[in-house]
Structures are given as C-alpha cells and as structure tokens.
Amino acid sequence: MHSPAPYPALRLRRLRQADWVRRLVRETVLTPNDLIWSMVVHEGEGRVPVAAMPGVERLSVREAAGAAREARRLGIPAIAIFPHIDGARKDALGGAAADPEGVIARAVKAMKDAAPEVGIMCDVALDPFTDHGHDGVIENGRILNEATIERLVEQGLMQAAAGCDILAPSDMMDGRVGALRAALEAAGFTDTMIMSYAAKYASAFYGPYREAIGSAKLGAASPDHPADKATYQMDPGNTEEALREVALDLAEGADMVMVKPGLPYLDIVRRVVETFAVPTFAFQVSGEYAMIAAAGANGWIDYDRAVLESLVAFKRAGCAGVITYFAPKAAQLLGA
Ligand code: PBG
C-alpha cells in the first residue's frame with residue numbers, strides 16, 4: 001500500500017459527502033444472487049408460524065412449490081430446505097431420513113417442477129428424524145461415526161434421486177463427504193454438488209431451529225444420550241481445526257464449503273477464503289435471525305437496515321453467498 005498523504009491533503013470524508021460518491025466507491029455490494037433461502041417444510045397443510053422466529057413459517061409441500069416460484073421472481077438462486085416431521089415417525093436410528101416418499105423428496109420434486117431454474121439444497125443429517133435429536137446413531141451413549149455415515153449415504157442418494165441439486169452434509173461425522181461423493185459417482189449422479197458444513201461449531205445460536213423442525217431436546221430423552229453435540233461439532237475456541245476440516249472436506253470431494261454459524265464466525269470465513277480460495281458460504285442461523293427479528297420487533301434497532309447490514313458483512317468477509325432466513329425479505333429490500 002502506498003503511504004497516504006497527511007491531513008489535510010487527505011480528508012477521507014471527501015469521498016463520503018454524497019450518496020452518489022459513496023455508491024461510486026463502495027467496495028462490496030449485496031445482490032439477490034448472494035442469497036440461499038433457508039426454509040422449513042412440513043408434512044401438513046398450509047403455513048405454520050415458528051414462534052421463536054417471527055416472520056418464518058413452516059411450509060407445506062404445496063406452499064414450498066409456490067415459494068420456489070417466488071425465489072425465481074426475486075432472483076434468489078437457491079433454496080435450502082429442512083424438514084419438520086411428525087414425532088410419531090421418529091426413532092433412534094432416524095429411519096425416516098431416507099424415505100423416498102417423505103416430505104423432503106416430495107418437496108424437492110414439487111419445487112423443481114414449479115421452478116426448475118432455482119437450485120435446491122438438502123441437509124444431509126439425521127437430527128430431524130431421530131427421537132433423541134442427535135445427528136448420529138448412538139450406542140452406549142456414543143455417536144457412532146461409520147454407522148451414521150451409512151445412514152447419511154442412503155439419505156443423500158434419496159435426495160439426489162428426488163432431484164436435489166446440492167447435498168449439504170451438516171452432521172460433522174469424519175469421512176462423510178468422501179462417502180457421499182463415492183456413492184453419488186457410483187450411482188451416476190455425477191453433477192450433484194456437495195456443499196459441506198465444513199466448519200460447523202457446537203453453538204447456542206441453533207436454539208430456535210429446534211422449535212422450527214420440532215427436534216427433540218437434547219439430553220432429555222435418556223442419560224445414555226450425550227447432552228450436547230460437542231463430540232462432533234467444533235469447539236467455539238478453535239480456528240486451526242476449522243482449516244483442517246475444510247482441507248479434509250475439499251480433499252474428499254466437496255465443491256463448496258460452509259462456515260456455521262455466521263456473524264460470530266466471520267474470522268473463520270476470512271481465513272478459509274484466504275487459505276483455500278474456494279466458494280465459501282456462511283449460514284446465518286436461526287438464533288442470529290431471532291436476535292435481529294426480536295430487536296426489530298421491539299423497535300430497538302432499524303430492522304430493514306440491520307438485515308441488509310448483517311448480510312453485506314458476509315460478502316465483505318469474502319463469502320460467495322449466505323444461507324439465510326432473511327432471503328426473501330432482503331431480496332425485496334434490494335429492489336428485486
Ligand atoms: C442439523 C442442522 C442444524 C442446523 C442446520 N442443520 C442444527 C444442529 O446442527 O444442531 C441449524 C440451522 C439453524 O440454526 O438455523 N444438523
């Protein structure tokens with residue numbers, strides 16, 4: 001960098017004096033192209049509000065197809081769907097996860113029929129389907145890595161067969177990206193993309209998501225079940241480990257990587273982008289949504305401005321895009 005002229009030759013406020021010049025020198029611009037719409041689908045009819053996430057509703061398959069058309073109209077490139085299923089169908093192994101007639105398969109098909117130009121991303125994880133709420137198969141109080149991967153591969157193949165464009169494994173088992181990639185290649189799904197939740201932290205910010213998808217309260221089911229996800233999700237104190245996770249997932253065949261949660265982990269995003277130079281995404285998770293929505297609803301912050309400011313921060317940090325529940329709101333604010 002050149003050495004700057006001293007004040008008063010240099011007055012940095014000159015370039016901030018009017019809207020036109022601020023627009024002219026702006027380095028980072030958010031567009032609807034940067035958004036992946038995070039959406040919950042349910043087995044019932046209509047739309048059901050999620051109390052902990054004001055403005056977010058669970059959508060029926062039919063409503064989800066309508067939302068895919070709305071995404072197309074708003075210029076939002078992709079939608080990530082998450083399932084809410086009836087508690088009666090949950091079991092210890094997450095047996096419903098790979099159901100080819102389940103709500104995820106039906107939603108993917110309906111959404112691709114309604115708006116084939118919109119990419120659909122599916123979470124590869126067992127927690128919406130297990131009665132204990134963990135992302136893995138449990139034996140003697142421990143989450144089994146390989147037994148879980150077997151289930152994830154079945155789930156991922158089902159999603160690919162339904163027409164899902166991007167598989168997004170969010171479970172944090174070791175080796176799952178490689179297993180998914182090999183299974184996709186063997187089954188002829190050579191174009192199916194993988195966006196791995198590569199650096200996913202054991203976070204309090206996933207709280208409202210439990211209500212959204214109706215997953216079990218961890219630790220409540222049985223003393224045999226670990227009380228939290230700390231044996232598979234990352235410790236919030238770690239950075240070097242995030243780079244190892246990303247390196248591993250890329251070596252195993254991930255096309256894109258994700259850091260999660262979002263705003264509290266922008267330092268991790270920055271290091272991943274600078275180290276690997278691959279498409280890197282961040283997930284602005286349910287708790288981040290809830291905080292902005294709650295403060296906005298109380299008039300404590302300017303909601304619209306906070307939404308856009310939070311999203312441009314991801315781009316400024318180097319993200320290719322953001323998975324966010326704000327996607328339709330943000331696209332509207334951006335004039336789509
Ligand atoms: C499932 C999964 C979670 C989220 C996305 N996929 C919860 C978790 O890992 O505990 C969180 C999404 C959000 O909070 O918005 N593995």
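Being open to solvent by 50 Å² or more (accessible area, probe 1.4 Å) and part of a helix (DSSP H, G or I) is the filter here; which residues of segment 66-78 pass it?
Once the filter is applied, which keeps residues that are open to solvent by 50 Å² or more (accessible area, probe 1.4 Å) and part of a helix (DSSP H, G or I), segment 66-78 yields R69, E70, R72, R73.
May I ask you to list the residues in segment 202-224 that are away from the ligand (no atom under 13 Å from the Cβ) and open to solvent by 40 Å² or more (accessible area, probe 1.4 Å)?
Result: A220, A221, P223, D224.
Quick test of your reading of the structure: D235 fulfils all but one of (1) over 15 Å from the mean Cα position of the chain (by Cα); (2) at pLDDT 95 or above; (3) within 16 Å of the ligand (Cβ to nearest atom); (4) surrounded by 16 or more Cβ atoms within 10 Å (Cβ to Cβ). Name the failing condition by number.
(4)
Within segment 107-117, identify whether any single residue is basic (K, R), surrounded by fewer than 18 Cβ atoms within 10 Å (Cβ to Cβ) and closer than 19 Å to M158 by Cα, and answer yes or no.
Yes: segment 107-117 contains one or more residues that are basic (K, R), surrounded by fewer than 18 Cβ atoms within 10 Å (Cβ to Cβ) and closer than 19 Å to M158 by Cα.
The conditions are (1) among the aliphatic types (A, V, I, L, M); (2) part of a loop (DSSP other than H, G, I, E, B); (3) without any contact (Cβ under 8 Å) to a residue 60 or more places away in the chain, and I81 fails exactly one of them. Which is it?
(2)
Across segment 316-327, which residue is farthest from the ligand (Cβ to nearest atom) among those that are part of a helix (DSSP H, G or I) and more than 23 Å from C122 (Cα to Cα)?
Once the filter is applied, the top-ranked residue is R316.
Can you name the residue in segment 139-187 that is of a type in the set (D, E, K, R) and assigned to a helix (DSSP H, G or I) and is also farthest from the ligand (Cβ to nearest atom) among such residues?
E185
May I ask you to list pairs of residues, at least six apart or on different chains, whose Cβ atoms are under 9 Å apart, with the first in segment 222-243 being in contact (Cβ under 8 Å) with a residue 24 or more places away in the chain and the second being assigned to a helix (DSSP H, G or I) and within 14 Å of the ligand (Cβ to nearest atom)?
So the pair list comes out as K229/Y206; Y232/T148; P236/P264; P236/Y265; A242/Y265.
Please specify each residue of segment 13-58 satisfying the condition of being open to solvent by less than 80 Å² (accessible area, probe 1.4 Å), among the polar types (S, T, N, Q) and either touching a Gly at 6+ places or on another chain (Cβ under 9 Å) or over 30 Å from D127 (Cα atoms) (or both).
Once the filter is applied, which keeps residues that are open to solvent by less than 80 Å² (accessible area, probe 1.4 Å), among the polar types (S, T, N, Q) and either touching a Gly at 6+ places or on another chain (Cβ under 9 Å) or over 30 Å from D127 (Cα atoms) (or both), segment 13-58 yields T28, T31.
Report every pair of residues separated by at least 6 positions or lying on different chains whose Cβ atoms are under 8 Å apart, first residue within segment 26-52 and small (G, A, S), second in a loop (DSSP other than H, G, I, E, B).
What qualifies is S38/Y325; G44/S60; G46/S60.
The values are calculated or read from the model by the stated rules, or taken from the named source; none is laboratory data. None of the values given here were measured: they were computed from a predicted structure. A quick note on method: Cβ atoms are made from the backbone with ideal geometry, for glycine too, and the neighbour counts reach across all protein chains shown. Ligands, DNA and RNA are excluded from the accessible area calculation, which covers all protein heavy atoms including side chains. Shrake-Rupley method; radii C 1.70, N 1.55, O 1.52, S 1.80 Å.
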